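The values are calculated or read from the model by the stated rules, or taken from the named source; none is laboratory data. From a predicted model like this one, the values you see are computed outputs, not experimental measurements. Here the Cβ positions follow ideal geometry from the backbone for every residue, glycine too, while neighbour counts run over all protein chains shown. Only protein heavy atoms, including side chains, enter the accessible area calculation; ligands, DNA and RNA are left aside. Shrake-Rupley method; radii C 1.70, N 1.55, O 1.52, S 1.80 Å.
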Amino acid sequence: MDDYLDESEDDLLAELGFPDKEIGCRGLWNLHLNGKWYRCYRPEGQITPPHDELTLSTLRTIKHLCDKSNNLEGWEAVPFSSPIHRDLNYIYTVDIDADTFTISLWNELSAPSAVQMNLTKIHEISRINLDMMRKPQYMLSDYTCVSNKAQAKQFETFEIDFGIPTPMNELQERFFTDLAFVWRFYLDDPSTWRYDSPVFRVFCVAFLRLAAWDFEVSFDCNVCNVELPISFASIPLWSYPDADVYWFHGYLVILQDDLEPTAMINGAVSTAKSYVGDSRLSHDDVCLIVISPRHLVFVELSREVALASRGLVLLSNYSGTECSPGFRALARVLTSNCWRKPRAHREKWPVHMPLEVVQMILHELEPRDAVAFSQASFAAEECYYASESQLKNVDVQSFESSIPCCGERTGVTGLQTRGIRCSECYAWQHLECLGPKNYSFDYRYVCMDCEDKACMVPKPGGIHGNRGFGKREGCEVRAEGLVQSLELRLRKPSPPQLPPELQFLGKLVSNVPSHIQYTILFNNSFSGLAYGLDDSC
Ligand SMILES: [Zn+2]
Ligand SMILES: [Zn+2]
């Protein structure tokens, strides 16, 4: 009889995805106390599984410590809770403030899910009941596919003519997918990718910075302070505005919780009106960028009317491999005058200098100073976005992300810049590449990729599930006179990187670990993005 019971329990454990006893169980403890987050884990992440009596006794010890002494020795203060990662089986989150205990785990669809219990009632049980683990949260109803074609009825809509993507846009699209890819465990777990988590603010500002080319490229080949690979213990540490409303490059950014675009716009318009005030609105239109965990909407607000764009998906299940329509639109808006009218006539900067001089200054400045300089003057801003500032001497050669029809912009084949934007994914295609069909301007073109694509709205675990296999494709660029491939680096070179004067030695050995040439920083913090140039094949 005993044997029978044991066997059935093992089956149940296996069914619930419990790790094999031999392999061991890995996880991490989060703790929320007095509004602050802490965490604790062993270097290899070993942890006791939920049904183990030790888990419950650890939990009681933690609760006791918090109640009595507040002595959190051994706990690391962190800006927010850690999400579940593919290398971990469980995350235990003790939230003293909310009086909950949450177990994050993987469900049968390999998606993050969670079970929550009342913390004060924990002392009544002797063991965490396995049956509870069968009913995880984050049911699909929370994540039903909201069509991104939904229009805001009570708002007049407008379309933005984005024009042909620039070389800068191509790189931005790749940085966006790479960022979503390396940090996917934060974006895939609904416990962190939600409106009320600071993680949402952290990544919103990262997307905005990438879209505005507002970051620093570091050429420092001393990569000791670059934290790679991004592991379950990695934390995105760049600074972020701790607010739902803020100005960014002259646009008013509004973060929202709403699920569907109409409600988003309603909320954003009233937020913006009270933030900006009637007096400003009476002589100035305000351009709003409204972002929710799923959508992005552009709103043009004046005193009388609000015009809204369609709701675009900002982060989709495919964002680890292809750029989302929301980011494409955002990058075009923030690096060109396609939405906002040119503002050079409003220049208040008293110094008049020829554009060539501005260009020279931008070229010579350190990355951070170049960003600051471009923000000081409208003329400097236009110059800044006219070239791939910061990535000096790097010329984009292929446009597979932004112009997927042929991957060419114009250049050698002399293709015309006449083209059309897919109304779903916002990728740009040459009219010539699409064939002889005549497209009128009001025609809603949908590209072949999008015609049979399933819903893009992200599901828990969606980015990881659609991350693709094999090597990630680099971007073909011309650098130092050679056509090379700009490749994302997921780990540091080992043995350590040689100083530049000795790098030729590395080239004598085949399969040298890949060097890191560029790292992208947000306000001096590593973004998770590191790149190197490989020979193009
Ligand atoms: Zn083409
Ligand atoms: Zn498309």
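Observations, loosely collected:
- Matching residues, the range 286-316, being open to solvent by less than 10 Å² (accessible area, probe 1.4 Å) and in a loop (DSSP other than H, G, I, E, B): SER292, GLY311, LEU314, LEU315, SER316
- Residues in the range 181-205 that are open to solvent by less than 20 Å² (accessible area, probe 1.4 Å) and of a type in the set (Gly, Ala, Ser): 1 in all.
- Taking the range 404-444 as the range and being within 12 Å of ligand 2 (Cβ to nearest atom) and either modelled with pLDDT of 85 or more or outside the structural domain of ILE164 (by TED's automatic domain parsing) (or both) as the test, the residues that pass are PRO404, CYS405, ILE420, ARG421, CYS422, SER423, GLU424, CYS425, TYR426, ALA427, TRP428, GLN429.
- Every listed requirement among (1) more than 27 Å from CYS425 (Cα to Cα); (2) in contact (Cβ under 8 Å) with a residue 12 or more places away in the chain; (3) more than 24 Å from the chain's Cα centre (by Cα) is met by GLN390 save one, (3).
- Top-ranked residue of the range 238-255 - restricted to ones that are closer than 18 Å to PHE175 by Cβ and within 18 Å of the chain's Cα centre (by Cα), ranked as surrounded by the most Cβ atoms within 10 Å (Cβ to Cβ): TYR240
- Test result for CYS450, within 16 Å of ligand 2 (Cβ to nearest atom) and either touching a residue at least 40 places away in the same chain (Cβ under 8 Å) or closer than 29 Å to GLY311 by Cβ (or both): yes
- Residue pairs meeting the criteria (Cβ under 9 Å; at least 6 apart or on separate chains; first under 17 Å from TRP193 (Cα atoms), in the range 314-328; second part of a loop (DSSP other than H, G, I, E, B) and among the acidic types (Asp, Glu)): SER316/GLU322
- Residues within the range 206-222 that are open to solvent by 10 Å² or more (accessible area, probe 1.4 Å) and either under 22 Å from HIS32 (Cα atoms) or out of contact with any strand residue (DSSP E or B) (no Cβ under 7 Å at 6 or more places or on another chain) (or both), tallied: 4
- Residue among SER316, SER279 that alone is among the small types (Gly, Ala, Ser) and more than 22 Å from the chain's Cα centre (by Cα): SER279
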